[in-house]
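Asker: One structure follows; several queries about it will come next.
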């Protein structure tokens, strides 16, 4: 029966590809989700910033800083406080301290970004550039100095043992299993995506944030403190960048290398845009982006049979890697399905200006 | 002119102080104990590595060349109210095209091979700058986002082309063949190639273009006030595309001079930060060609001297990035500088910059 479907010219190709996906997705799902987690977390940081009207291209630098701090602080703590895990998923004191430090570091960098963007009213792109250059410099500098004494790694979080019955659910069991068989940071992303999505569209905070991101003057008129809300959201966004960075060095891996974020902060930006500035959308976009690389790897190890396999193998691997960026450009240009930023994104808010205007019209 | 330079000079001074504090704080890791003199040793080595000898000065010029060219690229964008974060990608594409033509013209005499390779680099940069300009003008896709994305696309293009069709025959890692007859001639010292002259010539040319030509007047008008420019009969759409393309051209030239003059080939995993440093150069130079020349020389000197600083003082070269970021920080947060030094110099803020991110959220095409 299926053979017949596959034999249809051209359309059969598509069926064959879907068949191949159904076959390999359960196998590559954990890899895809693992690669998507830091990107989705980075996008959540961007979401908190941009929904309230502050552009953040410094996600990359925030993640890199957090990755370094998580690894370094965990390593230092492990030397003073060696100890077995005190909780599930390999939660040792060292790793937990490292995680908290990473979040604090990213919040501190976010505070600088908030101050430059909101109080100084500097160009927000420049603020992001400063953060990125500084992060590469300071983490590279300290890493080189520290690695001379070869400090021990504090290890990494372990994945949660998801209940076996989940994997036994027909058809989608593998997806539940892959999503839940993650460490604490990976699991916290799932919670955060759902909670933030609901908050954005169903809470007072969400309504205010969207108002401030779209039309801050109007928001201020109805009594919302634009400056305070922006500060709060940008600094809280740092929590997600901190988790994203820590994920790289104490959950996904257990070591730090210079510039190891390797553009993930910018893919996060792409995921944010592709996901139309929503948590759920950007999580989906991050999965889609990393799936493109996951499928490429699957094709390399076990291509489908026949002409489809030949075709997929002939596509250069670099094309799969470039795909997320190309898709983002296409989406932004509005060729297929336009993605539009919050209207006040990137525009510093000046209370005096509003007051002046109000006086002039009075 | 002098007053314009006060705030950048203060920002540099403050950055050196911050850098010194970082070095002192980290001196136990460098020296094993707290060493208050470490910054002096480090800055001394930085200075002698960049200006201490004829070779050092030539090396400074070599390092400054791409920074000046790419800095001009970013600066001309600023003048038109465009933020070209894609100098990095345009630099890479310029380098790739120059390397491709440089390898292909190995049989030709240098007098023919060099111009062809340079032309390829310039054309590739022009085209790679044209794309985001076109997208901005006709669809409103913001150039900041599209150029960031194109930077990563450029990395993948190089990885594909150089590990595939252009891969050299007898090379130990994935890279092109060594460029022979298209290599830029070395005129002075060990590595003082002719590309230095391009940068030094580009500065007055761009200054003339911006401040003496009709095109430059229109670019600056569009940057300062797009509405006024349109009412005056200028075509903001065309100017947006043209400015981005010229910007890409300059960044492409920067890439070509580095590949043809210094590296001699392009590796599949070519890593460089020139395009991002160029943003810092343009900001520090207040997007004025002469300012960019000095800013490029300063950052070039830091790059040139950083090696000796690492050898003599044990300070990792990444300190240069820290210094650059802190300089930018104080330039951006100039109110700190004003407060500390009680100066009433002209604002370091580039007036055109105000317009840059203001259009981020609207996503509207240029009218």
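Asker: Once R0 is set to 45 Å, what does the formula 1/(1 + (r/R0)^6) return for the Cβ-Cβ distance between residue B:312 and residue A:111, expressed as a FRET efficiency to the nearest 0.05? Before the final figure, lay out each step's value.
Answerer: Working: r = 36 Å, r/R0 = 0.80.
Approximately 0.80, to the nearest 0.05.
Asker: Something else about it: Quick one: if the Förster radius is 22 Å, what FRET efficiency do residue A:164 and residue A:194 give, using the C-beta to C-beta distance and rounding to 0.05?
Answerer: Working: r = 24 Å, r/R0 = 1.08.
Efficiency computed from Cβ-Cβ geometry: 0.40.
Asker: I've got another one for you. Would you mind computing, in nm to one decimal, how far apart the modelled labels at residue B:4 and residue B:339 are, each placed 7 Å from Cα along Cα→Cβ?
Answerer: 2.8
Asker: Oh, and also: 7 Å from Cα along Cα→Cβ at both residue A:14 and residue B:111: what's the point-to-point distance in nm?
Answerer: The two pseudo-label positions are separated by 6.0 nm.
Asker: Between B:32, B:95, B:300, which gets the highest mean-square fluctuation from a Gaussian network model of chain B, Cα cutoff 10 Å?
Answerer: B:32
Asker: Choose one answer from A:88, A:26, A:170: the residue with the largest mean-square fluctuation in a GNM of chain A with alpha-carbon springs under 10 Å.
Answerer: Ranking A:88, A:26, A:170 by mean-square fluctuation puts A:170 first.
Asker: Compute the long axis of helix A:124-147 from its Cα atoms, compare it with the longest principal axis of the Cα atoms of chain A, and write down the angle in degrees, 0 to 90, nearest 10.
Answerer: 70
Asker: Oh, and also: Dividing the Cα convex hull volume of region A:13-85 by residue count, how many Å³ per residue is that? Working shown, then result.
Answerer: Numbers: hull volume 12.3 nm³, N = 73.
Enclosed volume per residue, from the Cα hull, is 169 Å³.
Asker: Next question, about the same structure. What 222 nm value per residue comes from the helices of the protein assembly as shown, counting each DSSP H run with n ≥ 4 as -39,500 (n - 2.57) and dividing by all residues, nearest 500 deg cm²/dmol? Don't skip to the answer; put the middle values down first.
Answerer: Values: 30 runs with 509 residues, N = 729.
Mean residue ellipticity, 222 nm, calculated: -23500 deg cm²/dmol.
Asker: To make sure I understand, if each residue's beta carbon is the centre and we count other beta carbons within 10 Å, what order do B:23, B:234 fall in, fewest to most? Before the final figure, lay out the partial values.
Answerer: Details: B:23 26, B:234 18.
The fewest-first ordering by Cβ neighbours comes to B:234, B:23.
Asker: Shape of region B:3-357 from its Cα gyration tensor (a ≥ b ≥ c, root eigenvalues): rounded if a/c is under 1.5, otherwise prolate when a/b > b/c, or oblate? Can you show the working numbers first?
Answerer: Working: a/c = 1.81, a/b = 1.06, b/c = 1.70.
Taking the square roots of the gyration eigenvalues as a ≥ b ≥ c, region B:3-357 is oblate.
Asker: Let me ask something else. If you build the convex hull over the alpha carbons only and average its shadow over all orientations, what do you get for region A:151-287? Give it in nm² to one decimal.
Answerer: Numbers: hull surface 43.6 nm².
One quarter of the hull surface, i.e. the mean projection, equals 10.9 nm².
Asker: Calculate how steeply helix A:351-361 sits against the longest principal axis of the alpha-carbon atoms of chain A, using the helix alpha-carbon long axis, and give the answer as 0 to 90 degrees to the nearest 10.
Answerer: 60
Asker: While we're on this one: Among A:215, B:265, which comes first, second and so on when ranked by fewest other beta-carbon atoms within 10 Å? Don't skip to the answer; put the middle values down first.
Answerer: Numbers: A:215 15, B:265 20.
Ranked by crowding around the Cβ, least crowded first: A:215, B:265.
Asker: For A:130, B:311, A:146, A:10, what's the fewest-to-most ordering of other Cβ within 10 Å of each Cβ? Kindly include the intermediate steps, with their values, before the conclusion.
Answerer: Values: A:130 29, B:311 11, A:146 18, A:10 6.
In order of increasing Cβ crowding within 10 Å: A:10, B:311, A:146, A:130.
Asker: Let me ask another. Can you give the FRET efficiency to the nearest 0.05 for residue A:340 and residue B:53, using r as the Cβ-Cβ distance and R₀ = 45 Å? Could the numbers behind the result be given before it?
Answerer: Working: r = 56 Å, r/R0 = 1.25.
Rounded to the nearest 0.05, the efficiency is 0.20.
Asker: Rounded to the nearest 10 degrees, what's the angle between the helix A:184-202 long axis and the longest principal axis of chain A, both from Cα atoms, 0 to 90?
Answerer: Around 60 degrees separate the two axes.
Asker: Using Cα centres only, tell me the gap between region A:230-302 and region B:153-183 in whole Å.
Answerer: 30
Asker: Let me ask something else. Select from A:304, A:163, A:324 the residue whose mean-square fluctuation is largest in a Gaussian network model of chain A (Cα-Cα springs shorter than 10 Å).
Answerer: A:163
Asker: Using only Cα atoms, what Kirkwood radius does the protein assembly as shown have, in angstroms? Walk me through the intermediate numbers first.
Answerer: Working: mean 1/r = 0.0372 Å⁻¹.
Hydrodynamic radius (Kirkwood, Cα pairs) of the protein assembly as shown is 26.9 Å.
Asker: Starting from the Cα of residue B:271, step 7 Å along the direction of its Cβ; do the same at residue A:305; then give the gap between the two resulting points in nm.
Answerer: Calculated label separation equals 4.4 nm.
Asker: Could you give the length gained on full extension between residue B:17 and residue B:181, defined as 0.36 nm per residue of separation minus the Cα-Cα distance, in nm? Don't jump to the answer; show the numbers that get you there.
Answerer: Working: separation 164, 0.36 × 164 = 59.04 nm, distance 4.62 nm.
Here the answer is 54.4 nm.
Asker: If you bin the C-alpha pair distances of region A:2-361 every 10 Å from 0, what whole percents do you get?
Answerer: Answer for region A:2-361: a P(r) of 6, 22, 29, 24, 13, 5, 1, 0 percent.
A short reminder: the numbers here are calculations on the coordinates, not readings from a lab. Note that the structure is a prediction, hence the values are computed from the model and not measured. Counting neighbours? That spans all protein chains shown, and the Cβs are built from the backbone with ideal geometry, glycine included.
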